[in-house]
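Down below is the structure, laid out as structure tokens.
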Amino acid sequence: MRVSVIGCGYLGAVHASAMAELGHEVIGIDVDERKIEALAAGQPPFFEPGLPEILTSATASGNLEFSTDIAAAASATVHFIAVGTPQAKDSASADLTYVDAALHGLLPHLKAGDLIVGKSTVPVGTAERLAAIVAEHGSGATLAWNPEFLREGFAVKDTLEPDRLVYGVADQTAADVLDEVYAQALSTGTPRIITDYATAELVKVAANAFLATKISFINAMAEISEVVGADVKELADAIGHDVRIGRKFLNAGVGFGGGCLPKDIRAFTARAEELGRGESVAFLKQVDAINLRRRQRVIDLAVDALDGSVNGKKIAVLGVTFKPESDDVRDSPALDVAVQLKGLGANVVATDPQGIENARRRHPQLEYVESTDDALRDAQVTVLVTEWAEYRNLDPARSGDLVASRSIIDGRNVLNPAEWRAAGWAFVGMGRR
Ligand code: UDX
């Protein structure tokens, strides 16, 4: 099939490459010239395992081309909208500027039988509004909403082998077109749900709201554990054995961040309020508040570890990305902790295997070092806030020889407290005994 992908950020670049990998002829379109140049040269403008390989093979085979000109979409019959929907600057709502711009840019290039497929995460009601614009334009094209559930770090796998496909459609023809696009995944038995626009839009935000709630639930249990001397990790293991609950997404720590969960729960709350149903998801404000409190908890622990003041003290911050296997620092709890400690006067030295460049662009006031050893050297307290394998596998004895003081805060609950204590470290976890 001939496919266009409008928006070549995280979602779009992966989607375009994956569609080409599946054998479709793909044109990726974005207004950012530097991004398009890099992608056309086979270089993803962000870190994502597996993406360089499929991008290079797709561009080399001629299946994947890139352009900054939306007119290039004219040759395609399926048009994916994969632009960002960030949080608005002045409210909790999603900013739909890019979605609207993509659709309006596409309109003059549409023809009868074309299918526009929304992949961006949008407030419920958006697809219906956009479908009306498409119908009014009179090209004979139609619209479907097909949310994306990819996780950063696993984006290629999640796109090629999704755990489910959701089609929000107005008619069966649109579903048939999507079946052709996703023929390979369907042939391996991937479940697919065909539904209306509103349900498809809600599926995405409901999934992210549920995941965020699960993380904040266990972090709330961490808060309680902290006052009663219980251990939240053992608690999570125990409740996770109940298959109705499950152990996944029950890792307490410094909380969730990234380009999706935080902004999606806020946008969902704002949309529910617009719909007069604010009370239905009012609990998401608590989910957000619990999450943000965990960042403060790490900061408080650092202050306590330094006898009441971090001012002028060297703090090693291990990790700046919102999770491992990503260079993304959007709404990163790790970077937030580093910035706030710096704001309190600490001499923060941050490190990360992939995120330094992005972090430095946003927060040039922090000192960044490439090597973990350099970060640890002479540190008076060490704070682990992103669970990269390199930090999970740190050797307490060797690390102890580098630091000024053997004091560590495990903001992700990934270290073995007994081992670190045995090596002479003052060890504090998140909700751990
Ligand atoms: C998320 C959804 O998982 C994905 O389906 C959706 O398409 C986009 O949003 P992503 O943002 O890549 O994906 O990250 P995810 O793996 O969900 O992690 C989100 C945050 O939660 C990270 O900061 C992570 O560290 C944190 N987290 C996750 C926890 O704090 N505890 C957990 O148990 C799990």
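Quick notes on this structure:
- Selection within region 132-161 - surrounded by fewer than 19 Cβ atoms within 10 Å (Cβ to Cβ), hydrophobic (A, V, I, L, M, F, W, C) and either not assigned by TED's automatic domain parsing to the domain that holds Ala175 or not in a loop (DSSP other than H, G, I, E, B) (or both): Ala132, Ile133, Ala135, Leu160
- Number of the exception - Leu143 against (1) touching a residue at least 60 places away in the same chain (Cβ under 8 Å); (2) farther than 16 Å from Asn208 by Cβ: (1)
- Region 245-267 residues that are touching a residue at least 60 places away in the same chain (Cβ under 8 Å), paired with ones that are within 6 Å of the ligand (Cβ to nearest atom) and aromatic (Phe, Trp, Tyr) (beta carbon under 7 Å, 6 or more apart): Gly257/Phe322; Gly258/Phe322; Pro262/Phe256
A quick yes/no check of all residues on (1) among the hydrophobic types (A, V, I, L, M, F, W, C); (2) crowded, with 23+ Cβ neighbours inside 10 Å; (3) modelled with pLDDT of 95 or more:
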{"residue": "His79", "(1), (2), (3)": "no, yes, yes"}
{"residue": "Val83", "(1), (2), (3)": "yes, yes, yes"}
{"residue": "Tyr98", "(1), (2), (3)": "no, no, yes"}
{"residue": "Leu103", "(1), (2), (3)": "yes, yes, yes"}
{"residue": "Pro108", "(1), (2), (3)": "no, no, yes"}
{"residue": "Lys111", "(1), (2), (3)": "no, no, yes"}
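- Residues that are more than 10 Å from the ligand (Cβ to nearest atom) and part of a loop (DSSP other than H, G, I, E, B), drawn from region 320-345: Val320, Asp327, Val329, Leu344, Gly345
- Looking only at region 113-131, and only at residues there that are away from the ligand (no atom under 14 Å from the Cβ) and not hydrophobic (A, V, I, L, M, F, W, C), the one that is surrounded by the fewest Cβ atoms within 10 Å (Cβ to Cβ): Gly113
- Some residue of region 230-237 being more than 16 Å from the ligand (Cβ to nearest atom), in a helix (DSSP H, G or I), acidic (Asp, Glu) and surrounded by fewer than 23 Cβ atoms within 10 Å (Cβ to Cβ): no
Rundown of residues vs (1) in the same structural domain as Leu384 (by TED's automatic domain parsing); (2) among the hydrophobic types (A, V, I, L, M, F, W, C); (3) within 28 Å of Ile409 (Cβ to Cβ); (4) more than 7 Å from the ligand (Cβ to nearest atom), yes/no style:
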{"site": "Arg244", "(1), (2), (3), (4)": "no, no, no, yes"}
{"site": "Gly258", "(1), (2), (3), (4)": "no, no, yes, no"}
{"site": "Arg266", "(1), (2), (3), (4)": "no, no, yes, yes"}
{"site": "Thr269", "(1), (2), (3), (4)": "no, no, no, yes"}
{"site": "Ala272", "(1), (2), (3), (4)": "no, yes, no, yes"}
{"site": "Glu279", "(1), (2), (3), (4)": "no, no, no, yes"}
{"site": "Phe283", "(1), (2), (3), (4)": "no, yes, no, yes"}
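- Qualifying residue in region 382-394 (condition: under 15 Å from Ile299 (Cβ atoms), among the β-branched types (Val, Ile, Thr) and either in contact with a Ser or Thr (Cβ under 9 Å, 6 or more places away or on another chain) or in a loop (DSSP other than H, G, I, E, B) (or both)): yes
- Region 169-211, residues that are within 16 Å of the ligand (Cβ to nearest atom), under 22 Å from Leu275 (Cα atoms) and not acidic (Asp, Glu): Ala200, Leu202, Val203, Lys204, Val205, Ala206, Ala207, Asn208, Ala209, Phe210
The values are calculated or read from the model by the stated rules, or taken from the named source; none is laboratory data. Here the structure is a predicted model, which is why all the values come from computation and not from measurement. Neighbour counts run over all protein chains shown; Cβ positions are idealised from the backbone, glycine included.
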